[in-house]
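Report on the following structure.
The values are calculated or read from the model by the stated rules, or taken from the named source; none is laboratory data. Model, not experiment: these values are computed from the prediction. Ideal geometry is used to build each Cβ from the backbone, glycine not excepted, and the neighbour counts take in all protein chains shown. Keep in mind that these areas ignore ligands, DNA and RNA; they rest on the heavy atoms of the full protein, side chains included. Shrake-Rupley method; radii C 1.70, N 1.55, O 1.52, S 1.80 Å.
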Amino acid sequence: MKMSVVKVPLGPEFILYEGEFYAVTRHRIMLFFYFGLACMILVATIGRDSDVRTPELTLAVATIEVFAGVLIVVLCKHVAVWWARRTGTIPRVRMAWVLVLTVTCAVASADVLDPFFFGIPRSTPLHFAMKLVFYIVVTELLTSIMMQYTMGYILRDLRKDKHFAADGGLLLQSPDAAA
């Protein structure tokens, strides 16, 4: 599909043209945001038992969590495109629901990796649910605030000197030059 719509949690919808979804996910501002998420996970998980959890290993697990989350976002985009082709509509990605899946995958991956890296037992179901609720709330709020204030800038940066057709496809030359 040459055009898609991304709905920001608690915010506006943005229309993305051909290839922009993936360009946004790897934009320098988003890379900085991923690093910020990994640091937030680091700060949230280092506790009183700091002799068990070294910051380097904790940051490594946090980075794996963020990477797993980004993979889920990309997978959800593929599912949205598949569904839109099947129904003949424009792909719509509702980031609020995607982030719930993303955080669930990230927390689950940490729960699987923690026994290997730190030698601690897996979380109890209650502890897992509490971590999940905490990270869902924080990630939804941070992503909403970040995307509402930076998505316009990111799109302006990506669309600089580019022209798009009505269907969202990238034109090779500007419409003014063709006339």
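Specify which of the listed residues (Thr104, Thr124, Thr89) is open to solvent by 40 Å² or more (accessible area, probe 1.4 Å), of a type in the set (Val, Ile, Thr), at pLDDT 90 or above and within 22 Å of Val43 (Cβ to Cβ). After applying the criteria, what remains is Thr104.
What's the number of the only condition in (1) part of a helix (DSSP H, G or I); (2) at pLDDT 90 or above that Phe117 fails to meet? With respect to (1) part of a helix (DSSP H, G or I); (2) at pLDDT 90 or above, Phe117 is out only on (2).
Might you let me know whether region 115-132 holds any residue that is among the basic types (Lys, Arg) and touching a residue at least 24 places away in the same chain (Cβ under 8 Å)? Yes, region 115-132 contains at least one residue that is among the basic types (Lys, Arg) and touching a residue at least 24 places away in the same chain (Cβ under 8 Å).
Scanning region 100-133 for residues that are among the polar types (S, T, N, Q) and within 21 Å of the chain's Cα centre (by Cα) turns up Thr102, Thr104, Ser109.
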